[in-house]
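So the structure is just underneath, and the comments pick up after that.
The values are calculated or read from the model by the stated rules, or taken from the named source; none is laboratory data. Quick caveat: nothing in here was measured; it's all calculated off a predicted structure. For neighbour counting, all protein chains shown are included, and Cβ atoms are generated from backbone atoms with ideal geometry for every residue, glycine included.
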């Protein structure tokens, strides 16, 4: 019995490089496994919805047991929240948007908001998750909206309100105007990400066209001047 224990110890020591801490492989494995669970769950939630996906399916897709899944995420809600935190990286976007607002750069601000969603390689998973959570009437739809959309609705509405006060935009309801602009983006993604309608313009041209159309409708024309005539 003692001989077996020593032999096993030597075998383990032979495989393990001396410069690596014994805790490092476990930690790295845990991080990799957690990322795999999030990826598997995101794909299944986006395909079948929150209610239509079981923890057994998630564990199977990730190649682990349900017991191990629950070790990392005690509930589906915790897993969904982890997906939102993992996929939502808006700090940099908000920084650039706030800088454009500070400079009163209408074109850049609206272009930033549109091009973040309308660009090559955008993963439709998050958009599908939003639709499923809303259609299922789940509390997670509120979490999703607050974390992914509400902050930018409020930011854009506040900017439009300020530009109205400055005389640059027509007197409109700022919140409705912000919703209208995001409505363009959401409808675009519905057509191309969900219904898979092919795009007939480049991503850059599409964003530019949407922004130009919207700003032309929102902006006040320059003050009218009577034509100069010779007497």
Among the residues of region 89-130, how many are within 12 Å of the chain's Cα centre (by Cα) and over 25 Å from residue 196 (Cβ atoms)? 4
Name the residue, out of 159, 203, 210, 149, that is at pLDDT below 85, closer than 21 Å to residue 111 by Cβ and touching a helix residue (DSSP H, G or I) at 6+ places or on another chain (Cβ under 9 Å). 149
Of the numbered conditions (1) in a helix (DSSP H, G or I); (2) modelled with pLDDT of 85 or more, residue 27 satisfies every one except a single condition; which is it? (2)
Subset tally (residues that are in contact (Cβ under 8 Å) with a residue 40 or more places away in the chain and over 13 Å from the mean Cα position of the chain (by Cα)) for region 140-157: 3
